Amino acid sequence: MISRVNQQDLPDEMRVVITGIGMTAPIGNSLAEVREGLLSGRSGVRPYEIRYFGKTLAGVCEFEVNRHQSKKDARRGTRAGSVGIYCANEAILDSGIDFANFDKSTVGVYVGVTEHGNVETENEVYQIKGYDYDTSFWSHHHNPRTVANNPAGEVALNLGITGPHYTIGAACAAGNAGMIQGLQMLRLGECDLAIAGGVSESIHTFGIFAGFASQGALASHSDPAKASRPFDKARNGIVVAEGGCLYTLERLSDAKRRQAKIYGEIVGYAINTDATDFVLPNAERQAQCMQLALKRANLSPEQIDIVSTHATGTTNGDSLECDAVRRVFGQSEKTFINNAKSFIGHSMGAAGAIELAGNLPAFSDRVVHATINVDDLDPECDIPGLVRNQPREVNRVDYILNNSFGMLGINSALIVKRF
Amino acid sequence: MTPEEIRQAIIEILEDIAPDEDLSNLNDAVSFREQMELDSMDFLDIVMELRKRYRVQVPEEDYVQLASMDSTVTYLVPKMGQVPA
């Protein structure tokens, strides 16, 4: 049943804090780079071409794959695995944890994914086409690459982690879902350190571009930097992006003991389901999801300083989310609204985790990054507190609510408190 | 292909499947596994690449012949001798 406990009254052993962040996004390969991009209005969207589909736009990551992974393992594994390995290693370094001496059996890896295996399957089908579909040319690497736990398993293999590892399939709510899973496992005592968040390799499958195009939901624009334009009247769909963001999550008691740097405390979360349509969102259910997260955190809407919206840039999706946000925060004068997809596109399973991270520095720099490319605001998206095109300085930021929604009607909201 | 060309073909395959290894000092008489980090999936890669690049089939009972460079080349000469270099 849904917990009614006021989470801030919990003992330190039940409170979960963020102590490390590792990320790669189309505008940077660290939180500092991404934050700089968000504050300066830099877009990471560029021309992109993929087999069969042809020319399109995408958010592309350029992290150093071999910083933490051998060439051989990168070849054997998947792009999602490489993204996860980079992010996990960077998060651990950022956390300051003495990982060499950490009991690896107490580490859990919880990686959110929108989908996994499409890239590898498309590649193999393409390859055997060259051999007249003779399946004896089908790679023996196909199964270990396409098992659903692959990205989390590659992280565990790379870091010698012997605790639990798995992926959380939650469409585009997966970044939040990965973090929520990590938090829950810490509270259950299933692990002492959770490496949690989300990754996406989706730009390497032609199917996602073709699928969104067939759905009339793939963005196009003569200027790539203007293609991802949530809340603008001329928005015409999603820019697909790759990316990853994994956090080290720890119980507050452990973080205090080792005097860890603390980015924030997860004080509320919720996941619910529309149960109304395969793809069309449901504003009422999204609003209920945000309200449930607020209730669990024992907060009123007026206490939330920033709502990081899902905001994919589709006509219906943005209108419905703005309806939902208006229902919950429409009367709140101090809540600011933004999103990161206008800068980087939609990084699918990584989106929620990346977008939350991009907002966390606001706790200390007291700047709310904008949503860019709103040249002609859609009246349906004219919600109070929307930070348009230019970042906004504020007096203080105590709470951030991060929305992430996905197909099949999965909704998630996560609330992080300044520590 | 001459034995030397077959050896070079194997080197090129090894460079692809074990890109972190330095193959310049490979001892042809000693097993690959004693000199490199190769596991069973890597050996399957060698078999697959021979199939893809040269249409050479190596049945499972012959995998043992791929232990060292010398044994591999000896085994492949009858199979690849007719393959144009």
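The values are calculated or read from the model by the stated rules, or taken from the named source; none is laboratory data. Just so you know, these numbers come straight off a predicted model, no measurement behind them. Note that we place each Cβ from the backbone using ideal geometry, even for glycine, and neighbour counts take in every protein chain shown.
For the residues A:ARG79, A:ARG51, A:ARG46, the requirement of being touching a residue at least 24 places away in the same chain (Cβ under 8 Å), touching an Asp or Glu at 6+ places or on another chain (Cβ under 7 Å) and over 30 Å from A:ALA255 (Cα atoms) singles out A:ARG79. Contact map, the range A:106-121: residues that are farther than 14 Å from A:GLY81 by Cβ paired with residues that are surrounded by fewer than 22 Cβ atoms within 10 Å (Cβ to Cβ) and β-branched (Val, Ile, Thr), Cβ distance under 7 Å, separation 6+ or inter-chain. Pairs shown: A:THR121/A:THR146. Scanning the range A:154-179 for residues being surrounded by fewer than 24 Cβ atoms within 10 Å (Cβ to Cβ), under 14 Å from the mean Cα position of the chain (by Cα) and in contact (Cβ under 8 Å) with a residue 60 or more places away in the chain gives a total of 1.
The residue list A:ALA177, A:ALA213, A:ALA234, A:ALA196 contains one member that is in the same structural domain as A:VAL83 (by TED's automatic domain parsing) and part of a loop (DSSP other than H, G, I, E, B), which is A:ALA234.
Residue under question is A:SER220, and the condition is that it be within 18 Å of the chain's Cα centre (by Cα), part of a loop (DSSP other than H, G, I, E, B) and in the same structural domain as A:CYS87 (by TED's automatic domain parsing); does it hold? It is false that A:SER220 is within 18 Å of the chain's Cα centre (by Cα), part of a loop (DSSP other than H, G, I, E, B) and in the same structural domain as A:CYS87 (by TED's automatic domain parsing). Only one of these is more than 10 Å from the chain's Cα centre (by Cα) and hydroxyl-bearing (Ser, Thr, Tyr): B:THR72, B:THR2. Name it. Answer to the selection: B:THR2. On inspection, A:GLU122 does not qualify as more than 14 Å from chain B (Cβ to nearest Cβ) and either within 21 Å of A:ALA170 (Cα to Cα) or under 23 Å from the mean Cα position of the chain (by Cα) (or both).
Among helices (runs of 4 or more DSSP H) entirely within chain B, having at least 2 residues that are within 11 Å of chain A (Cβ to nearest Cβ) singles out B:3-17, B:40-54. Would you tally the residues in the range A:47-81 being crowded, with 16+ Cβ neighbours inside 10 Å, away from chain B (no Cβ under 14 Å) and of a type outside the set (Val, Ile, Thr)? Qualifying residue count, the range A:47-81: 10.
If you go through the range B:1-47 and keep only what is among the hydroxyl-bearing types (Ser, Thr, Tyr) and either farther than 17 Å from B:ASP70 by Cα or surrounded by 13 or more Cβ atoms within 10 Å (Cβ to Cβ) (or both), you end up with B:SER31, B:SER40.
Pairs linking a residue in the range A:128-145 that is more than 9 Å from every other protein chain (Cβ to nearest Cβ) and surrounded by 14 or more Cβ atoms within 10 Å (Cβ to Cβ) to a residue that is among the β-branched types (Val, Ile, Thr) and part of a loop (DSSP other than H, G, I, E, B), with Cβ atoms under 9 Å and 6 or more positions apart or on different chains, are A:ARG145/A:THR78. Given the criteria within 26 Å of A:TRP138 (Cβ to Cβ) and at pLDDT below 95, does B:MET48 qualify? Answer is no for this residue.
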